[in-house]
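Since every read-out is calculated from the coordinates, none of them should be taken as a lab result. Because the structure is a prediction, the values reported are computed rather than measured. Reconstructed Cβ throughout: ideal geometry from the backbone, glycine too, with neighbour counts over all protein chains shown.
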Amino acid sequence: MAVMTMKQKALSIRESYELYEGEELKYYIQRRKLLTKKPVFDIYIESGVVASIEVTETGSPLVFKITLNGTDAGEIRFDGVAGVNKLIYEAKNIEIAGNGMLTEFSVKDKDKKIIGTIKKKIVSYKDTYDIEFESEGDSLLFAAIALTVDETFHG
């Protein structure tokens, strides 16, 4: 099981995050423009951008376009139905379902098997998430999923 921690940076002009594997900084996330209704976030490493998450629809549904390693990876949707804390990622056959308090999210595959979790730390200065997932090769995917959870339910 792979583990990362996503921490929102406290004193940044643009909304930004850092993702760690243990003590090692794995990814940075930064919002491109501060004031816009449809934000775009870039996930990058020292050599450059490796993914982007773009809000293409606001309201209901809320839609995020995902690009991973320069390739269109589909959309994550939140339909905004009252009492339903769930995001759908059809391209990957993934469902991200939150508990009633919106502090823990289960990431399930098409067979409803849990392939990862995203847990929001309740006591922290800025938004902080513990992210666990099965395949170490999915770190970039889970970084994108965690960002969509934060933007949908805590942004």
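Which whole-number percent gives the relative contact order of the chain, counting Cα pairs below 8 Å spaced six or more residues apart? Write down the numbers at each step before the final one.
Details: 334 pairs, mean separation 29.1, N = 155.
Result for the chain is 19 percent.
Pairs exceeding 22 Å between alpha-carbon atoms, taken from 65/113; 26/120; 65/92; 37/108; 86/120; 7/112: 65/113; 37/108; 7/112. Taken as Cα centroids, region 64-81 and region 27-59 sit 12 Å apart, rounded to the nearest whole angstrom.
What percentage of all Cα-Cα pairs in region 71-119 are separated by more than 14 Å?
On the way: 599 of 1176 pairs.
Roughly 51 percent, once rounded to a whole number.
Estimated from the Cβ-Cβ distance and a Förster radius of 35 angstrom, the FRET efficiency linking residue 60 and residue 23 is about 0.30.
Here the calculated FRET efficiency for residue 13 and residue 135, from their Cβ-Cβ distance with R0 = 41 Å, stands at 0.75, rounded to the nearest 0.05. Between the listed residues 78, 91, 147, the Cα displaced farthest toward the positive end of the dipole of the chain, a dipole computed from Cβ unit charges relative to the Cα centre, is found at 78.
Under the √(5λ) rule applied to the eigenvalues of the Cα gyration tensor, what semi-axes describe the equivalent ellipsoid of the chain? Give them in Å, descending.
Details: eigenvalues 83, 67, 55 Å².
Semi-axis lengths for the chain are 20, 18, 17 Å.
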